[in-house]
Amino acid sequence: MAEKKKRRRQGVKRTSKAKKVFLTLLGILVAIVVVIVGVGAKMYYDVKSTADDTFETVKRNGSEQRQVNLSEQDPFSVLLLGVDTGALGRTEQGRSDTMMVATVNPSTNESVLVSLPRDTYAEIVGHNTQDKINHAYAFGGAAMSMDTVEKLLDIPINHYITINMEGIESLVDAVGGIEVNNPFEFTYEGTTFPKGKQKLDGELALKYSRMRYDDPEGDYGRQARQRQIISGIANQVLSTTGLTNYQSILTTMGENVKTDLSFTDMRTLMGDYRPAFGNIKSDQMKGTGFMQDGVSYQRVDPAELKRVQDELKTQLK
């Protein structure tokens, strides 16, 4: 009985963390909309202006399966990409170092959020090669990433959201810093992060989110720290600090976020789809490491891939 209660508590924690991650990426901007609607016309105009700045469509080959009507409360999927740009030592286009797929079903009031290992060995659709799945963004931006993930998971990818990870530093500073709970002490790029709760500014938050090789869980551990950063930003945005600093937050969002969800779409999601956001299941697609031509990849077992595919397909029915 005690073990069942422990597992139940752990499940609640995982769901809560997934909810914060999803609401942030879909949603640091949307959260601001919820907080300030009705406060004042000037503030409302600023939010709408930022939403217009973040809006960017992508060109893809047509597919009827991808056509969803949010006003009719159709279930939908969205690809969430955390992108590192050349300013951080990556390529000019950037690589999607964080990749998650979320499916939202307002009929069942359920959502699923699946993290994809960035080193997953997959067919890069439109590039005629197999490579790490996160290279799709460097080769062809959000459109190629969507097509590649769509092919791998065998589901339609309806929308996307990208956040430039370089902008995380500015965003953390804009909200006045964030609090994280570090599971173990480590040193990265000359900075030591002690175990336990601590407040980080933008520069420290970026370092905290990037360490991987000294983590016993490798890239999976790094992904967990990235989720902490995003959750911390969400908490600050929804606090009084978010209202006080809303202009600097919006400026940073406008410079570092792109999505094909319009301001109208966001308002619809936070209205008609809100119950589904409160019931989010977090999942992690896992692979096995292997080396090829001196490069490390993750190979996803067919059974594991089918498990994730079936889970997401069920959500989209």
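The values are calculated or read from the model by the stated rules, or taken from the named source; none is laboratory data. Model, not experiment: these values are computed from the prediction. Glycine gets a Cβ as well: all are built from the backbone with ideal geometry, and neighbour counts include every protein chain shown.
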Of all residues in the range 60-80 being among the small types (Gly, Ala, Ser) and in a loop (DSSP other than H, G, I, E, B), which is modelled with the lowest pLDDT?
-> Ser63
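The rows are residues; the columns are (1) more than 20 Å from Gln223 (Cβ to Cβ); (2) within 19 Å of the chain's Cα centre (by Cα); (3) touching a residue at least 24 places away in the same chain (Cβ under 8 Å).
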| position | (1), (2), (3) |
| --- | --- |
| Met270 | yes, yes, yes |
| Tyr273 | yes, yes, yes |
| Ala276 | yes, yes, yes |
| Ser282 | no, yes, yes |
| Arg307 | no, no, no |
For Ser115, indicate whether it is modelled with pLDDT under 90, within 23 Å of Ser262 (Cβ to Cβ) and not in a helix (DSSP H, G or I).
-> no
State whether one or more residues within the range 299-313 are more than 12 Å from Thr103 (Cβ to Cβ) and among the polar types (S, T, N, Q).
-> no
Using beta carbons and a limit of 6 Å, which pairs, at least six apart or on different chains, have the first residue in the range 52-80 and more than 14 Å from Leu316 (Cβ to Cβ) and surrounded by fewer than 16 Cβ atoms within 10 Å (Cβ to Cβ) and the second one charged (D, E, K, R) and modelled with pLDDT of 90 or more?
-> Glu56/Lys258; Thr57/Asp260
Within the range 249-265, the count of residues that are at pLDDT 85 or above, of a type outside the set (Val, Ile, Thr) and in a helix (DSSP H, G or I) comes to 5
Within the set of pairs 6+ apart or on separate chains, which have a first residue in the range 140-154 that is small (Gly, Ala, Ser), a second that is in a helix (DSSP H, G or I), and C-beta atoms under 7 Å apart?
-> Ser145/Ala136; Ser145/Tyr137
Assess whether Tyr213 counts as being among the hydroxyl-bearing types (Ser, Thr, Tyr), more than 30 Å from Asn69 (Cβ to Cβ) and buried (at least 19 other Cβ atoms within 10 Å of the Cβ).
-> no
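In the range 196-210, which residues are exposed (fewer than 12 other Cβ atoms within 10 Å of the Cβ) and within 29 Å of Val114 (Cβ to Cβ)?
Lys197
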Please list, ordered by first then second residue, the pairs with beta carbon atoms under 8 Å, 6 or more apart or interchain, first in the range 176-196 and farther than 17 Å from Asp214 by Cβ, second part of a strand (DSSP E or B) and of a type in the set (Gly, Ala, Ser).
-> Asn181/Gly196
Here the residues within the range 126-180 that are crowded, with 22+ Cβ neighbours inside 10 Å, assigned to a loop (DSSP other than H, G, I, E, B) and out of contact with any strand residue (DSSP E or B) (no Cβ under 9 Å at 6 or more places or on another chain) are Val175
If you check Leu269 against the conditions, is it in a loop (DSSP other than H, G, I, E, B) and touching a Leu at 6+ places or on another chain (Cβ under 8 Å)?
-> no
Scan the range 284-298 for residues that are closer than 15 Å to Gly218 by Cβ and surrounded by fewer than 17 Cβ atoms within 10 Å (Cβ to Cβ) and jot them down.
-> Gln284, Lys286, Thr288, Gly289, Phe290, Met291, Ser296
